[in-house]
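Only one structure is covered here, and it is reproduced in the block below.
The values are calculated or read from the model by the stated rules, or taken from the named source; none is laboratory data. In this text, all values refer to a predicted model and were calculated from it rather than measured experimentally. In this analysis, Cβ positions are derived from the backbone assuming ideal geometry, glycine residues included, and neighbour counts consider all displayed protein chains.
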Amino acid sequence: MGEGEKTRLVAWSRELRTVHDRLREALRVTRQAVSAGAPAEPSTRDLLLFCRGFCTALTAHHEGEDRALFPAIAEQHPELRETLHNLQQDHSMIAHLLVELEAAVARAASPTELDRHLEGVAAIMESHFRYEERRLLSVLETLALDADPDFVLGPL
């Protein structure tokens, strides 16, 4: 294997970590926007912007994994199919939490309620990311997948 190909293969693990870090930061900024509004409620429009941006990015990431990354891993590492199934179940749970968050924002829920929603998303998301990184990063260092990272991991 040439040096250029090895670099491309190792890049998947780096790409995944980078996307996770960006999503963590997007959640942090969203939570700051909510907490900044505690004394004087932030406008629903501002919260919709932060929450929709975060929710859209997280959803695109999980859809990309389900569409391209996980099938490639399952094909090359069938022993990880149960892990991939667990990760896809997490994706469904997180999608449900995001729908609830967006509904709370749309009805102008209180900052306290919004923070509860965001705390739930944060807890599941972080647990999911840690599990995914523990189970998949070493596999991603050798994964043969010739695809656009935005298609596989979501645009960020």
For region 108-149, enumerate the residues that are farther than 17 Å from residue 28 by Cβ and hydrophobic (A, V, I, L, M, F, W, C).
108, 109, 136, 137, 139, 140, 143, 144, 145, 147
Using beta carbons and a limit of 9 Å, which pairs, at least six apart or on different chains, have the first residue in region 34-60 and farther than 17 Å from residue 112 by Cβ and the second one assigned to a helix (DSSP H, G or I) and at pLDDT below 75?
none
Residue, surrounded by the fewest Cβ atoms within 10 Å (Cβ to Cβ), within region 36-65, restricted to residues that are at pLDDT 80 or above and farther than 18 Å from residue 97 by Cα:
64
Just to be sure, is residue 28 at negative phi, at pLDDT 60 or above and of a type in the set (Lys, Arg)?
yes
Residue satisfying condition, being in contact with a Pro (Cβ under 6 Å, 6 or more places away or on another chain), charged (D, E, K, R), at pLDDT 80 or above and at negative phi, within set 102, 79, 15
15
Of the numbered conditions (1) farther than 14 Å from residue 59 by Cβ; (2) under 16 Å from the mean Cα position of the chain (by Cα); (3) modelled with pLDDT of 95 or more, residue 97 satisfies every one except a single condition; which is it?
(1)
So is residue 80 in contact (Cβ under 8 Å) with a residue 24 or more places away in the chain and surrounded by 14 or more Cβ atoms within 10 Å (Cβ to Cβ) or not?
yes
Determine whether residue 114 is modelled with pLDDT of 95 or more and surrounded by 18 or more Cβ atoms within 10 Å (Cβ to Cβ).
no
